[in-house]
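Chemist: Got a structure for you, questions after.
The values are calculated or read from the model by the stated rules, or taken from the named source; none is laboratory data. Treat the numbers as computed from the prediction; the structure is a model and nothing was measured. A quick note on method: Cβ atoms are made from the backbone with ideal geometry, for glycine too, and the neighbour counts reach across all protein chains shown. Quick note on the areas: whole protein, heavy atoms, side chains included, nothing else; ligands and nucleic acids left out. Shrake-Rupley method; radii C 1.70, N 1.55, O 1.52, S 1.80 Å.
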Amino acid sequence: LMNELNPFILAYGESGTNKTGLIDTVSNALIVSSSPAIIRLQHKKDKRVVYVDSIDSLETVIDSLGEPNALDYDWHCFDSLTQIAEAALLSGGSTDRKAYMLVQNRLMRCLLKLTATRNRPTYCTAWEKPVVTQDGEQRSFPSFPGVALVGKIPHLFTNIMHMHIAEDGESIAARTRKTPTVYGKDESGNLAALITNPDLSEILSQIRGEENV
């Protein structure tokens, strides 16, 4: 029941599509990041930033999310999961394929632990990459290092939103459903297929069925 109440949301898209900015639409958030860009949220009273730069530091943070300090926050946010994954893999310090695979497996275990034990709504961001599907079509997809992670990680999320510039050329929009050109997911079935100027607090209420879409 706890996991059903706490969705695991991934927003991905090109640079400039307000993925990190969505964190500012919620209050009282614990932010896990390996990006210097997150510094603009660091000084806000209701935000706490924890930096990770290796698989060890990521594992330590995920293991700590059940502790009182982490439970003081209403949201757990990871920005960006792509960059965190790359930092974790690079921290292995070896180009040896076996060592790389071991770190990759540890990273996957960290994410499995995160989704299995999540006790707060969890929001992650990721970069975007084009992927050619089995039917030969090109689709925008969340970007992760290594083919195995690209294939496995998206299945962990309850919600995946593709962030992009809306047709008016100014607004930000989030597509929440899979289309021939975009990967998306909404296990709740409560979100509109396209959300203009998305707000994470509103999205959470809608996923939980607390608002009419």
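Chemist: Add +1 for every Lys or Arg and -1 for every Asp or Glu among the other residues with Cβ under 15 Å from the Cβ of MET101, and state the total.
Modeler: Net of charged neighbours comes to +4.
Chemist: Pop out the carbon and sulfur fraction of the accessible area of the chain as a percent, whole number, probe 1.4 Å.
Modeler: Of the solvent-accessible surface of the chain, carbon and sulfur hold 50 percent.
Chemist: For a label point 7 Å from the Cα of ARG109 along Cα→C-beta, name the residues of region 53-89 whose backbone N is under 19 Å from it.
Modeler: 53-66, 85-89
Chemist: A further question follows. Local charge sum around LEU90 (other residues, Cβ-Cβ under 14 Å, Lys/Arg +1, Asp/Glu -1)?
Modeler: -3
Chemist: How much net charge surrounds SER143 when only other residues with a Cβ under 9 Å from its Cβ are counted (Lys, Arg +1; Asp, Glu -1)?
Modeler: 0
Chemist: Where the centre of each part is set by its Cα atoms, how far does region 51-107 sit from region 174-193, in angstrom?
Modeler: What the calculation gives is 27 Å, centre to centre.
Chemist: What does the accessible area per residue of the chain come to in Å², with a 1.4 Å probe and no ligands, DNA or RNA counted?
Modeler: 49 Å²
Chemist: Tally the DSSP beta bridges in the chain and give the antiparallel ones as a percent, rounded to 5.
Modeler: 40 percent
Chemist: For LEU90 and LEU102 in one chain, what is 0.36 nm times their gap in residues minus the Cα-Cα distance, to one decimal in nm?
Modeler: 3.1 nm
Chemist: Apply 1/(1 + (r/R0)^6) to the Cβ-Cβ distance of THR133 and ALA193, taking R0 = 22 Å, and write down the FRET efficiency to the nearest 0.05.
Modeler: 0.65
Chemist: Can you compute the helix-only [θ] at 222 nm over the chain? Use -39500 (n - 2.57) per DSSP H run of at least 4 residues, normalise by all residues, nearest 500 deg cm²/dmol.
Modeler: Here the helix-only value at 222 nm equals -8500 deg cm²/dmol.
Chemist: Return the long-range amide H neighbours of VAL50 (sequence gap of 5 or more, or a different chain), with a cut-off of under 5 Å between placed amide H atoms.
Modeler: When sequence neighbours closer than 5 places are left aside, the close amide H contacts are ILE31, VAL32, SER33.
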